[in-house]
Structures are given as C-alpha cells and as structure tokens.
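For reference, the structure discussed in these notes is given below.
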Amino acid sequence: MRGSEQGTLFVVGTPIGNLKDVTHRALEVLQNVRYIACEDTRVTLKLLNRYGISKTLVSYHSKSGERTASRIEKLIEQGNDIALVTDGGTPGVSDPGNELVARCIERGVRVEIVPGPSAVSAVLSGAGIRYAEYTFLGFLSAKPSRRRKKLETLKDTRTVFVIFESPHRIVRFLEDLLEIFGCVTVYVAKEMTKRFEKYYRGTAGSVLAEIEADGVRGEYTVVVDNRK
C-alpha cells in the first residue's frame, strides 16, 4: 500500500507455453505487486508456483463484467500495484485485458508495460517469410457464416495475415481458406514452445491434410501469405 497514492497497473507478458520463457523483470514485478489479475487462476498458478511466488489472484476474463473491472480499479486507487497477465503471451492482444487497460488510462492510472513472449512475433520469426508489414486479425468469428464473410473481404488484400485459431475450428478454418483463397501459402504453428509443438508449411490444402493426419491438438497460430 502507498497511503493515498494511486497504484500502478503492470501489463506483464508471460510464457505462451514453456515456463522458462519468462523475463527476470516479469518475475520481479509479479513478486512485488499486491494483486495479480489473470484470465484463469489455475494457469497463472502454474507459473507462480514454478517460481515460488504467492499472491492474491483476481479472476478477470471475457465474462467478468463491470463489477470485476470496477473492483480492480478501486484496488489501484487505494494504492495497490496490480499485475495484469493473460493465460499466455502479452495481455491486451486478443484477450479482455485491453478493456481493463483502456479503462485505467481513462481514469489517469499509471500503466507500465513489461514486455514478454508473444505468439505473433514468435510465429513470424520462424515463418521464413520476407515481409515488411503484416495484418494481425486475432481470432476470427466462431460463427461459420461470419468467418467466411470476413475471409471473402480479405482475399484480394495482398499482404501477410496472422490469425489465432482454436483446435475446435482449425480444420474448418483451413477448409474455408482453401475454398476462398485457393492455393495460398500458409505457415501454421501448433502448441508453440510446448511438448507437442509442430510447424506446417505449404499450401492451404497440403497443410490441411497434414493437420488432419496428425490429429488436432492445442492452439494454432496461422500465417497466410496472400501477396502473390
């Protein structure tokens, strides 16, 4: 506590899989804050237990709502430093953390960034694609009609796309991509930094066949090279 002084919201990047991929600064911040706001307390506890850190966790996810956000804001106003983490990677990138950060900025709360792992930069670094720019799309709609409509609007855009996809939808996504984009070049990373990590390179059709043959498992990050 800092008396009447307002606390700080630390946006902390955490490992996307391998718990060794955490910075010294991130561990230092997690050790020193009073509270940690996280998506899934069970996931965050694995990291904290690995490094002997014990903190009060506040569950903050897409269904938390106004009440939880207001509670976090109040804790900060009371002088408590709070770390915001996601289940893996950098908070605020395709997760509800961006709303909390925006709210804190609007209220004049000091927001400090603690950079760390990111699935986007990780997949691009290993894709072997020469690019000057890319478009990050996060997760497309879970509804097939909306996903297909979005892909239709993108098929004539000559750039590199980065997309997150779940194990429940990766096959359908690649099927839609193949039908709409044709033999476009893709690079797909499965379970990056984890036990079943694997990378696929080729056309949408060939990668789809490989993933179906291997069996779907874990989260996927997809790079679509639509420049040709």
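Rule-based calculations on the coordinates, nothing more; no lab input. Here the structure is a predicted model, which is why all the values come from computation and not from measurement. We place every Cβ from the backbone using ideal geometry, glycine too, and count neighbours over all the protein chains shown.
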With 5 Å bins from 0: P(r) over the chain, alpha-carbon pairs, percent
1, 6, 14, 17, 16, 14, 11, 9, 7, 3, 1, 0, 0
With a cut-off of 8 Å between alpha carbons and a minimum separation of six or more residues, what is the relative contact order of the range 172-226 in percent?
42
Over the chain, what is the percentage of antiparallel beta bridges among all DSSP beta bridges, to the nearest 5?
50
Rg and Dmax of the range 119-225 over Cα atoms: what are they, in angstrom?
12.6, 37
Please work out how many pairs of lysine residues in the chain are eight or more positions apart (or on different chains) and have Cα atoms closer than 17 angstrom.
6
Among TYR134, GLY108, ILE180, which residue has its Cα positioned farthest towards the positive end of the charge dipole of the range 74-180, with +1 placed on the Cβ of Lys and Arg, -1 on the Cβ of Asp and Glu, and the dipole taken about the Cα centre?
ILE180
How large is the charge dipole for the range 26-183, taken about the Cα centre, if only the Cβ atoms of Lys, Arg (+1) and Asp, Glu (-1) carry charge, to the nearest 20 debye?
340
Here the Cα Rg-to-2.2 N^0.38 Å ratio for the range 121-168 is 1.26
Springs between alpha-carbon atoms under 10 Å, Gaussian network over the chain: tell me which of ALA37, ALA204, ALA213 tops the mean-square fluctuations.
ALA213
What angle, in degrees between 0 and 90 and rounded to the nearest 10, separates the Cα long axis of helix 41-50 from the longest principal axis of the Cα atoms of the chain?
80
Mean residue ellipticity at 222 nm from the helices of the chain, using -39,500 (n - 2.57) per DSSP H segment of n ≥ 4 over the full residue count, to the nearest 500 deg cm²/dmol?
-11000 deg cm²/dmol
I'd like the distance between the alpha-carbon centres of the range 8-65 and the range 75-110, rounded to an integer number of Å.
12
Can you tell me the relative contact order of the chain? Whole percent, Cα pairs under 8 Å, sequence separation 6 or more.
22
